[in-house]
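Here is the structure we will look at, set down as structure tokens.
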Amino acid sequence: MAVLKAFKGLRPGKEIAKDLASRPYDVLNSKEAREEAKGNEKSLLHIIKPEIDLPEGTDIHSRPVYEKAAENFRKFREKGWLVEDPDDYLYIYAQTMNGKTQYGIVGCASVDDYLNGVIRKHELTRPDKEEDRMKHVRVNNANMEPVFFSYPAVKEIDDIVAGVVESQEPEYDFVAGDGVGHHFWAIRDKETINRITGLFEKIPHTYVADGHHRTAAAALVGKEKREKNPKHTGNEEYNFFLAVHFPHDQLTIIDYNRVVKDLNGLSNEGFLEKLKKVFDIERKGSNIYKPSQLHEFGMYLDGKWYALKAKPDTYDDNDPIGVLDVTILSKHVLDDILGIEDLRRDQRIDFVGGIRGLGELKKRVDSGEMKVAFALYPVSMEQLIDIADTGNIMPPKTTWFEPKLRSGLVVHLLD
């Protein structure tokens, strides 16, 4: 059963929350982070992307970068920009995008739950990325950024959350530069906290939606700390890590698309001929074509859009992985036709989150950087849960959740 633990959050004051909160470390590069934090000494990017305070070109995995993160974290605390709450609380973090609001419960998840499979995942992690985040957790002795979890919706939890939201003024309530609204409440009432944590104890599994590397890093650092502590009891803060838990029926997964640099030696006509063995193809002209259902794809090639409908023998609706459109495309097109076998390492392919719009696909092909683009229909939360529950792993770059969590609204200390 899932553990949700209240904790003493380290938080900014209401008057600086908007300035301090930032996008997650992994959605912007060093150059973008440097520009985004320009003129704002309070931005959390100084801690989660600390290379922005070092000379350009500094190796982002070098020791001085991690040391700068720790130095900046100390500075934020000394200046009173991050202050610890007096008691253990849970929190509610809501986000509004395109008129829709989703409500998450902020609390600590359990390292043991991750290690024993109560927390389920759907993506593989890379050891180098795990180690990067582990170093960041170690040097700060804190979870600076929350991970994004989901759980099967429970009406009683929804009702409790609605009651808090209706009866309390939010601690923070602002709209970020990208137009997404962020709203945050502290749950201080012990009875309410106990009701929520008790209900979580009845939930068999929670699911990593976004942040697999941060989740793995947090759990592995907790495991390290317990192995080094001869007086370990299991109640220490390092046994838990920061997570925002959203009910599954409030979340939105958007498309995660592909662009490829060449046609593996084929002409446009030759490529289309090979595709006809896999898809029913319809030319759509110059207007952007967005797939409207499962097993349907949009393709942009040589200034033209095409609708591709996968033939029935290309997928297996009874197989959690075989039913996925990313599987159809990877197996029958990227691998069989274009010779791209390793999506994680092949330099001929890139991935474009749907938040950028399908115009981004057209732009990258028209520029000559890429030769062909594929627009995919997004997977569903039900598919994600089915894959995680059956112990399967999604192909790389399958899910893109929006909106992204803002980092810095609350931090979890490991002691």
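Since every read-out is calculated from the coordinates, none of them should be taken as a lab result. Computed from a predicted model, the values in this text were never measured in an experiment. Virtual Cβ from ideal backbone geometry, glycine too; neighbours counted across all protein chains shown.
How large is the charge dipole for region 256-377, taken about the Cα centre, if only the Cβ atoms of Lys, Arg (+1) and Asp, Glu (-1) carry charge, to the nearest 20 debye? Don't jump to the answer; show the numbers that get you there.
Values: 20 positive and 21 negative charges, 100 e Å.
Once rounded to the nearest 20, the dipole reads 480 debye.
Projecting the Cα positions of 61, 410, 334 onto the charge dipole of the chain (unit charges on Cβ atoms of Lys, Arg, Asp and Glu, taken about the Cα centre) puts 61 furthest along the positive direction. Between helix 212-228 and the chain there is an angle of about 40 degrees, using the helix long axis and the longest principal axis of the Cα atoms. Once the Cα atoms are used to define both axes, helix 155-167 deviates from the longest principal axis of the chain by about 60 degrees. Full extension of the chain between residue 1 and residue 284 gives 96.9 nm of extra length, using 0.36 nm per residue less the Cα-Cα distance.
Holding the Cα-Cα limit at 22 Å, pick out from 284/331; 155/190; 155/202 the pairs that are longer than that.
284/331
Computed extension length for residue 267-residue 309: 13.0 nm, one decimal, from 0.36 nm per residue of separation with the Cα-Cα distance subtracted. Of the trypsin sites (Lys or Arg not before Pro) in region 333-415, the ones in a loop by DSSP (not H, G, I, E or B) with at most 12 other beta carbons within 10 Å are 344, 345.
Given the pairs 135/225; 31/68; 5/49; 274/371; 18/397, which span a C-alpha to C-alpha distance of over 19 angstrom in this model? Provide the component values of the computation, followed by the final result.
On the way: 135/225 13 Å; 31/68 17 Å; 5/49 28 Å; 274/371 16 Å; 18/397 30 Å.
Table pairs above 19 Å Cα-Cα are 5/49; 18/397.
The relative contact order of the chain comes to 24 percent, based on Cα pairs under 8 Å that sit 6 or more residues apart.
Out of every Cα-Cα pair that region 274-412 contains, those further apart than 28 angstrom amount to 20 percent. The base-10 log of I(q)/I(0) for the chain, evaluated at q = 0.08, 0.11 Å⁻¹, reads -0.47, -0.88 [Debye formula, identical scatterers on Cα atoms, solvent excluded].
Neighbour counts of other C-beta atoms within 10 Å: give me 96, 390, 206 arranged from fewest to most.
Values: 96 15, 390 11, 206 25.
Final ranking by Cβ density, sparse to dense: 390, 96, 206.
Each label point was placed 7 Å from the Cα along the Cα-to-Cβ direction; for residue 98 and residue 348 their separation is 3.3 nm. Ratio of Rg to Rh for region 166-271: 1.15 [Cα atoms; Kirkwood radius as inverse mean 1/r over pairs]. Residues in region 96-113 carry Karplus couplings, in order, of 10, 9, 6, x, 10, 10, 10, 10, x, 9, 8, x, 9, 8, 9, 4, 4, 4 Hz; the curve used is 6.51 cos²θ - 1.76 cosθ + 1.60 with θ = phi - 60°, and Gly or Pro positions show x.
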